[in-house]
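Participant: Here it is: the structure, laid out below.
The values are calculated or read from the model by the stated rules, or taken from the named source; none is laboratory data. The structure presented is a predicted model; accordingly, all values stated were derived computationally and were not measured. Counting neighbours? That spans all protein chains shown, and the Cβs are built from the backbone with ideal geometry, glycine included. We work out accessible area using only protein heavy atoms, side chains counted, and drop any ligands, DNA or RNA first. Shrake-Rupley method; radii C 1.70, N 1.55, O 1.52, S 1.80 Å.
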Amino acid sequence: MRLRGGKRRKADDRPEVPAGTPELAGTPGLAVELRGVRRQYGRGERAVHALAGIDLALPRSTFTAVMGPSGSGKSTFLQCAAGLDRPSAGSVRLGGTEITGMSENELTELRRSRLGFVFQAFNLLPSLTVEQNVQLPLRLAGHRPDRRRAAAVLAQVGLADKARRRPGELSGGQQQRVAVARALVTTPDVVFADEPTGALDTGTATEVLGLLRHAVDTLGATVLMVTHDPAAAAWADRVLFLADGVFAGSLERGSAERIAARMAALTARTDVMAGVAA
Ligand code: ADP
Ligand code: MG
């Protein structure tokens, strides 16, 4: 199947697929599909190719980690995959929907209703209760507050008794569990997690990763997580390694030790290349 994203496009052009155009159906069962995704910053000789041709197909109900040296394109990748940034070329399909030609409003709507996000910094609203924070995606998506749904996801993350508290009254690990509940409340097609354990100690990090694992195994969630921590990545089904804006291999069910060894090799190689270029 040839996707229109494979065409060459001038840098920074708005992708030419108009919203609402009938599209070839995506591959069934895929939660995330990227084809030929490129993202370049700047033009000409100074252009930085943050993503230099990314192809990816993530089945539903899988947990994938993305690792790579600093500057390898992890953040740009996650932003493009989650509809927060527009690729310079290529196509992104989420839950079978082509998002490449969507307007900002359509993207916002899609993110609110069909994607979940967990960030390093929790990003809870301090003036709202835990329950209200969890309900927020439902409200933003135009639904009525659903206390039963909020209570159900809070129970799933082990915080049923904290519904009336405010985030500031909870530990960091508990706050991140609230963020996980908030990410799951809409039963999203994909949960995007950007260094979700970056601000947590090892014990609470393990709790949060266990929750993400549980969401995949028992709730059928799909999780795509960027991390620099091999121990966190070891919770994933598969680790994808990014180097210089392209995928440079993967590991299935790797231990933290094996993942760390691959990262060390990748970082050394990237440093050598940078040394040659300098
Ligand atoms: P990572 O998250 O792996 O550290 P990034 O995706 O943040 O990598 O960055 C990839 C490359 O793109 C780096 O070379 C970075 O300097 C560059 N880059 C990222 N954002 C911008 C931007 N807004 N403008 C210019 N260059 C950028
Ligand atoms: Mg980054």
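Participant: When V208 is evaluated against the numbered criteria (1) open to solvent by 20 Å² or more (accessible area, probe 1.4 Å); (2) in contact (Cβ under 8 Å) with a residue 12 or more places away in the chain, which criterion, by number, is the only one it fails?
Facilitator: For V208, the failing item is (1).
Participant: Restricting attention to region 71-90, report how many residues are assigned to a loop (DSSP other than H, G, I, E, B) and open to solvent by less than 20 Å² (accessible area, probe 1.4 Å).
Facilitator: So in region 71-90, the residues assigned to a loop (DSSP other than H, G, I, E, B) come out as 71-73, 82-88.
When the remaining residues are screened for being open to solvent by less than 20 Å² (accessible area, probe 1.4 Å), the result is 72-73, 82-83, 87-88.
Going through region 71-90 one residue at a time, the tally reaches 6.
Participant: Given T206, T218, T187, which one is more than 24 Å from L94 (Cβ to Cβ), polar (S, T, N, Q) and out of contact with any Leu (no Cβ under 7 Å at 6 or more places or on another chain)?
Facilitator: Details: T218 fails: more than 24 Å from L94 (Cβ to Cβ); T187 fails: more than 24 Å from L94 (Cβ to Cβ).
The match here is T206.
Participant: Can you tell which of L115, L110 is surrounded by fewer than 21 Cβ atoms within 10 Å (Cβ to Cβ) and touching a residue at least 24 places away in the same chain (Cβ under 8 Å)?
Facilitator: Details: L115 fails: surrounded by fewer than 21 Cβ atoms within 10 Å (Cβ to Cβ).
Just a single option satisfies the conditions, and that option is L110.
Participant: Separate question: T197: assigned to a loop (DSSP other than H, G, I, E, B), farther than 17 Å from L78 by Cα and either acidic (D, E) or touching a helix residue (DSSP H, G or I) at 6+ places or on another chain (Cβ under 6 Å) (or both), yes or no? Write out each step before concluding.
Facilitator: On the way: assigned to a loop (DSSP other than H, G, I, E, B): yes; farther than 17 Å from L78 by Cα: no; either acidic (D, E) or touching a helix residue (DSSP H, G or I) at 6+ places or on another chain (Cβ under 6 Å) (or both): yes.
For T197, the condition - assigned to a loop (DSSP other than H, G, I, E, B), farther than 17 Å from L78 by Cα and either acidic (D, E) or touching a helix residue (DSSP H, G or I) at 6+ places or on another chain (Cβ under 6 Å) (or both) - is not met.
Participant: What are the residue pairs meeting all of these: first residue in region 226-244, first residue farther than 9 Å from I259 by Cα and touching a residue at least 60 places away in the same chain (Cβ under 8 Å), second residue of a type in the set (D, E) and more than 15 Å from ligand 1 (Cβ to nearest atom), Cβ atoms under 8 Å, and 6 or more apart or on different chains?
Facilitator: D237/E252; R238/E252
Participant: On to the next question. Return the residue satisfying two criteria in turn: it lies in region 28-48 and is more than 16 Å from ligand 2 (Cβ to nearest atom) and open to solvent by 60 Å² or more (accessible area, probe 1.4 Å), and of such residues it is modelled with the lowest pLDDT.
Facilitator: Start the filter on region 28-48 by keeping residues that are more than 16 Å from ligand 2 (Cβ to nearest atom), which leaves 28-38, 40, 42-47.
From what is left, the residues that are open to solvent by 60 Å² or more (accessible area, probe 1.4 Å) are 28, 35, 38, 43-46.
On the way: P28: 68, R35: 97, R38: 98, R43: 90, G44: 88, E45: 89, R46: 89.
Across region 28-48, the extreme among qualifying residues is P28.
Participant: If you don't mind, another one. Given the structure, is T108 under 22 Å from L56 (Cα atoms) and among the β-branched types (V, I, T)? Steps first, please.
Facilitator: Details: under 22 Å from L56 (Cα atoms): no; among the β-branched types (V, I, T): yes.
Taking the combined requirement at face value, the residue does not satisfy it.
Participant: Still on this model: Do the conditions hold for V37, that is, is it in contact (Cβ under 8 Å) with a residue 60 or more places away in the chain and within 24 Å of M102 (Cβ to Cβ)?
Facilitator: Working: in contact (Cβ under 8 Å) with a residue 60 or more places away in the chain: no; within 24 Å of M102 (Cβ to Cβ): yes.
No: the conditions fail for V37.
Participant: Does D146 satisfy being at pLDDT 95 or above and surrounded by fewer than 17 Cβ atoms within 10 Å (Cβ to Cβ)? Give the steps one after another, and end with the answer.
Facilitator: Numbers: at pLDDT 95 or above: no; surrounded by fewer than 17 Cβ atoms within 10 Å (Cβ to Cβ): yes.
No, not satisfied.
Participant: Something else about it: Which residue out of D244, D201, D271 is more than 16 Å from the chain's Cα centre (by Cα) and on the phi > 0 side of the Ramachandran plot?
Facilitator: D244
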